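The values are calculated or read from the model by the stated rules, or taken from the named source; none is laboratory data. Note that the structure is a prediction, hence the values are computed from the model and not measured. Cβ atoms come from the backbone with ideal geometry, glycine included; neighbour counts cover every protein chain shown. Side chains are part of the model used for accessible areas, which takes the heavy atoms of the whole protein and leaves out ligands, DNA and RNA. Shrake-Rupley method; radii C 1.70, N 1.55, O 1.52, S 1.80 Å.
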Amino acid sequence: MSEAAGVRAMNPVIPLRLRPTMLSDLDFVISVEQDPSNLPFITPWERPQHEGAIRFPDSRHFIVEAGAGYPSAGFAILQGCRNPHRSIELKRIVLQPEQHGRGYGRLAIRLLAQMAFRDLGAHRFWLDVKGRNLRAQALYRSEGFVEEGRLRESVRTDDGYDALVVMSMLEAEHRARRSGADASAQAAPESTR
């Protein structure tokens with residue numbers, strides 16, 4: 001499926017897709033980013049930064065649409081899509097607080113990893129996450145990301161400083177995870193598929 005048409009999750013239970021962000025989506029994007037529940041875990045951007053990520057060919061800015069009828073649930077940004085070292089960054093994924101805990105983040109991470117490796121030719125897919133964001137770190141680990149290190153007290157917060165935890169997944173690791181998932185699906189009895 002072409003990137004312009006969006007990318008859909010292969011989970012029939014949870015409908016989810018990524019579609020390219022339009023300038024007309026930026027009020028929604030900024031509202032999600034500025035939500036008090038999300039602010040402790042991200043460093044918000046200003047509108048011109050989002051506009052640049054939409055327009056700049058090295059970035060991909062997406063709206064995460066999830067649930068019946070595919071309403072907007074959040075957004076995600078990839079950077080380094082033309083990186084000569086084939087190292088693509090998951091710059092940001094943020095969901096509306098009422099969408100947390102529904103599996104949308106996990107599915108979006110899987111779609112973004114698939115896009116990074118299969119469609120954009122990444123060798124390495126990486127991210128950084130605030131040290132206090134333990135829930136996100138657990139999700140990334142469960143999806144195959146490996147902690148590479150910590151940038152101690154590198155982000156100023158309202159109550160001091162926080163670390164950034166750098167995590168990544170390599171192409172071979174992603175391929176092995178996909179092969180294992182495909183084998184498990186094929187081995188499952190028909191009644192569980």
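Checked against (1) touching a strand residue (DSSP E or B) at 6+ places or on another chain (Cβ under 7 Å); (2) farther than 22 Å from residue 165 by Cα; (3) among the small types (Gly, Ala, Ser), residue 52 meets all criteria but (1). Do we have residue 187 as at pLDDT below 90 and surrounded by fewer than 16 Cβ atoms within 10 Å (Cβ to Cβ) here? Yes. Note on the stretch 156-184: residues that are within 22 Å of residue 87 (Cβ to Cβ) and surrounded by fewer than 16 Cβ atoms within 10 Å (Cβ to Cβ) total 4.
Scanning the stretch 57-66 for residues that are in contact with a strand residue (DSSP E or B) (Cβ under 9 Å, 6 or more places away or on another chain) and either more than 16 Å from residue 109 (Cα to Cα) or free of Cβ contacts under 8 Å to residues at least 40 places away in the same chain (or both), we see that the one that is surrounded by the most Cβ atoms within 10 Å (Cβ to Cβ) is 59.
Within the option set 77, 42, 54, being open to solvent by 20 Å² or more (accessible area, probe 1.4 Å), within 14 Å of the chain's Cα centre (by Cα) and of a type in the set (A, V, I, L, M, F, W, C) holds for one residue only, 42. Could you check the stretch 29-63 and list, in sequence order, the residues that are in a helix (DSSP H, G or I), within 23 Å of residue 135 (Cβ to Cβ) and not acidic (Asp, Glu)? Answer for the stretch 29-63, where residues must be in a helix (DSSP H, G or I), within 23 Å of residue 135 (Cβ to Cβ) and not acidic (Asp, Glu): 29, 30, 31, 32, 34, 39, 40, 41. Select from the stretch 77-115 the residues that are among the aliphatic types (A, V, I, L, M) and free of Cβ contacts under 8 Å to residues at least 40 places away in the same chain and list them in ascending order. Those that are among the aliphatic types (A, V, I, L, M) and free of Cβ contacts under 8 Å to residues at least 40 places away in the same chain: 77, 88, 90, 93, 109. Residues of the stretch 106-152 that are in a helix (DSSP H, G or I) and either at positive phi or open to solvent by 50 Å² or more (accessible area, probe 1.4 Å) (or both): 106, 110, 114, 118, 119, 134, 135, 138, 141, 142. Scanning the stretch 95-105 turns up at least one residue that is open to solvent by less than 40 Å² (accessible area, probe 1.4 Å), closer than 22 Å to residue 15 by Cα and among the small types (Gly, Ala, Ser). Please work out which residue is nearest to residue 118 (Cα to Cα), limiting yourself to the stretch 80-94 and to residues that are assigned to a strand (DSSP E or B), open to solvent by 10 Å² or more (accessible area, probe 1.4 Å) and not charged (D, E, K, R). Once the filter is applied, the top-ranked residue is 87. Checked against the criterion of being at pLDDT 95 or above, open to solvent by less than 30 Å² (accessible area, probe 1.4 Å) and farther than 16 Å from residue 115 by Cβ, the stretch 12-25 has at least one qualifying residue.
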